[in-house]
Amino acid sequence: MDLIRATIPAYIQSLKETRLGSLRSPAEFFDVHRISRPADMNQATSRISYNTRYFSGNYGLIVAALTVYALLTNLFLIFAVLFLVGGFAAINKWAPEPLQVGDHIVTQKSLYIALFVIGLPMLYIASPISTFFWLVGASAILVLGHAALIEPGVESEYAAVQDQV
């Protein structure tokens, strides 16, 4: 547990340096003067290739915001996941040995079976797969649509020259 506590701040720091360090300003990200329809598929592909690298931090924030929205609109999914995770933690913490209740002996195995019998139908009803595919589709439409419609800046012309040096 101490190892996890020690690695979390280092992970957050590296995330801040790599992903959040490449955030572009909202004025640059939402620049309506650079919006134009690509002439052909080759131009759209090159715009997507450049803009996904250039705006990667902004796109990461968009995906994170969509994930939070998807979870907040599907509270039953959060409840089902917390029920399963909390059930596992409770069984491991408070029921490591068999317990006698009246004439019955309750083992860890029977508690896990009860947890699965209740938790898995809850998880199925919460539809995590459709939530995942909604998240993938919404993220792809927003990110690829923005990347294809925004013209790369002047600095994109020098990106190929800088890569060769």
For Trp134, what accessible surface area do you get with a 1.4 Å probe? Give it in Å², rounded to 10. 110 Å²
How far apart, in nm, are the 7 Å Cα→Cβ label points at Met122 and Val32? 4.7 nm
Please report, as a whole percent, how much of the solvent-accessible surface of the range 29-150 comes from carbon and sulfur atoms (probe radius 1.4 Å). 75 percent
Mean Kyte-Doolittle of at least 1.6 plus a Cα span of 15 Å or more along the axis: flag which DSSP H helices in the chain meet both, please. 75-94, 128-149
Largest first, what is the accessible-area ranking of Phe88, Phe133 with a 1.4 Å probe? Phe133, Phe88
Computed from the mean reciprocal separation of all distinct C-alpha pairs, what Kirkwood hydrodynamic radius does the chain have, in Å? 20.3 Å
Using protein chains only and a probe of 1.4 angstrom, how many square angstrom of Met41 are accessible, to the nearest 10? 140 Å²
Per the rule of 0.36 nm per residue minus the C-alpha distance, extending Ile78 to Thr107 adds in nm 7.7 nm
Order by accessible surface, 1.4 Å probe, largest leading, for residues Glu97, Glu155, Glu28 comes to Glu97, Glu155, Glu28
Can you give the calculated 222 nm mean residue ellipticity of the chain, where each DSSP H run of n ≥ 4 adds -39,500 (n - 2.57) and the sum is split over every residue, rounded to the nearest 500 deg cm²/dmol? -24500 deg cm²/dmol
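The values are calculated or read from the model by the stated rules, or taken from the named source; none is laboratory data. Small disclaimer: the values here were computed from a predicted structure and weren't measured. Ideal geometry is used to build each Cβ from the backbone, glycine not excepted, and the neighbour counts take in all protein chains shown. Heavy atoms of the whole protein, side chains included, go into the accessibility calculation; ligands, DNA and RNA do not. Shrake-Rupley method; radii C 1.70, N 1.55, O 1.52, S 1.80 Å.
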